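The values are calculated or read from the model by the stated rules, or taken from the named source; none is laboratory data. In this text the structure is predicted, and so the values were computed from the model without any measurement. All Cβ positions, even for glycine, are placed from backbone atoms using ideal geometry, and neighbour counts span all protein chains on display.
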Amino acid sequence: MYVVHVKPFEVKLFTRQEIFNEITIMLISYLCICQTDYVFLASAKFNVGYAMDAIIGLNIVILLLPVIYEALRNVKQSIRRRSMLRKDKYIRKVIMKKYTCLQISVILIAG
């Protein structure tokens, strides 16, 4: 486990993901031994195949979770920005209406 001792990534999340990948590869490698002729039962090989699929699926899901979290966070920030822009445009519109009405009333009074 070279990655555990050296920690080549600056971000802890990347280091943890890499360690998890290494553990997954190690487990799959051990389970590949059960797919050889050392195991005689076909049902055992079949079940080991399901276990391998489950481990690989779990690996994919766990590695995608930070990506999904970041994407949802970006969408949330984008929605907030758009809502603030809409509010800002509405406030400018109201202020401009009031300012225009004041200008017209000043012109009528002065004229």
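When the residues of the stretch 1-47 are filtered to those that are free of Cβ contacts under 8 Å to residues at least 24 places away in the same chain, β-branched (V, I, T) and in a helix (DSSP H, G or I), which remaining residue is nearest to Y69 (Cα to Cα)?
Once the filter is applied, the top-ranked residue is T15.
Which one of V106, V75, V67 is surrounded by 10 or more Cβ atoms within 10 Å (Cβ to Cβ), of a type in the set (V, I, T) and at pLDDT 85 or above?
Numbers: V106 fails: at pLDDT 85 or above; V67 fails: surrounded by 10 or more Cβ atoms within 10 Å (Cβ to Cβ).
Answer to the selection: V75.
Out of I95, I33, which single residue is closer than 30 Å to E18 by Cα and aliphatic (A, V, I, L, M)?
Unique residue meeting the criteria: I33.
For the stretch 8-27, give me each residue that is at pLDDT 90 or above and of a type in the set (D, E).
E18, E22
Looking for whichever is within 11 Å of the chain's Cα centre (by Cα), among the aromatic types (F, W, Y) and assigned to a helix (DSSP H, G or I) here; the options are Y69, Y50. Which one fits? Give the steps one after another, and end with the answer.
Working: Y50 fails: within 11 Å of the chain's Cα centre (by Cα).
Of Y69, Y50, the one residue that is within 11 Å of the chain's Cα centre (by Cα), among the aromatic types (F, W, Y) and assigned to a helix (DSSP H, G or I) is Y69.
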